[in-house]
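Input: a single structure, listed below in structure tokens.
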Amino acid sequence: MATTLVTGAAGFAGSHLLDLLTPTLTAGDSIVGWRRPGDEANDSAPADGRVIWESVDVLDRQAVRAAIDRLKPTAVYHCAGAAHVGRAWDKTASTFATNVRGTHYLLDALDRTNVETRVLIPSSALVYTPADRPLRETDPVVPGNPYGLSKLAQEMLACHSSPRVIVTVARAFNHTGPRQGPMFAAPGFARRIADIERGRWEPTVSVGNLDARRDLTDVRDTVRAYRLILEHGQQGDTFNVCSGVAITIRELLDKIVARARVAVTIQTDPARYRPSDTPLLVGDPTRIRERLGWTPTISLDQTIDDLLEYWRR
């Protein structure tokens, strides 16, 4: 019997991981989803008994240690963490506490078991030094914001785990899809369009910097990469999870607005600009494509259609 643990399972990527993992669950094996005390499961996460839900605060060291000692998982997807880049400027302490201290507590608890465990750490493209070309895993890592620094610290913690804890890292570039919170660009635009269509808002979308170019992948492709990395990666392996193609936020917004059922105007709001916004963030997917055979399969148009339908519902 094997136990797979997904921390942050009630969240965006975590809930999509449950969608991916539960259909292939074999008899006798189990999937445990951790969520913060007080949180509910994501509204579209599997709820038919295939997932065992537990409330565990990753910042409660004793609770983490006790849960890991009881579960002794053989696979861990560590999706729990602070995920918003912009908010990290104002909430630096909590971002570092959750992403760094929470990861330390988890890895330390796993070190104390006598079970070989494979762990996937979802890191971020924001650990890299910005460049005017697709970024490779061997490029310098000098984060330009608190969020990126917290993710780099996660990676460094992973380097000091015991030989029984096989840790691999996924440097995810921007990804989106249904269930992502509206504080992110694509779902924020999609929700506003849906609300405008219902008559809840004036037909105007306020925006910040639309010139930034981002490598954008569907979350369902992203979690598929996570599974491949965890199952087939070797200790310390790092993989970019990206498409290799960047589009401007303006192009993304234009695609969403073009699908609106009413006329919508766009206005710039300087208050929505971040203290630091990287002009270009695009990855080189060669390593993950050649070693693991992963490439994105869901088109951006399909992602946008699904996002809009999610918020319209």
Estimated FRET transfer efficiency when R0 is 41 angstrom, pair GLU231-THR138 (beta carbons, to 0.05): 0.95
Would any residue of region 202-226 have its amide N under 20 Å from a label point 7 Å out along Cα→Cβ of ALA2? List them or say none. 223-226
If one takes the longest principal axis of the Cα atoms in the chain, at what angle in degrees, from 0 to 90 and to the nearest 10, does the Cα axis of helix 61-71 lie? 70
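Just the number please: accessible area per residue for the chain, 1.4 Å probe, all protein chains included, in Å².
Values: 14100 Å² over 313 residues.
With all protein chains present, the chain gives 45 Å² per residue.
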Heavy-atom accessible surface of the chain: percent carbon and sulfur, 1.4 Å: 50
Degrees between helix 219-232 axis and first principal axis of the chain (Cα, 0 to 90, nearest 10): 20
Quick one: angle between helix 102-111 and the longest Cα principal axis of the chain, in degrees between 0 and 90, rounded to 10, please. 30
Starting from the 7 Å offset along Cα-to-Cβ, what nm value, one decimal, do you get for the label separation of GLN267 and ALA93? 3.7
Max mean-square fluctuation residue, GNM over the chain, Cα-Cα springs under 10 Å, options GLY236, GLY14, GLY38: GLY38
To one decimal place, what Kirkwood hydrodynamic radius in Å is obtained for the chain from all pairs of distinct Cα atoms? 20.0
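The values are calculated or read from the model by the stated rules, or taken from the named source; none is laboratory data. None of these values were measured; they are calculated from a predicted model. Cβ: placed from backbone, ideal geometry, glycine included. Neighbour counts: every protein chain shown. The area values use the complete protein model at the heavy-atom level, side chains included, leaving out ligands, DNA and RNA. Shrake-Rupley method; radii C 1.70, N 1.55, O 1.52, S 1.80 Å.
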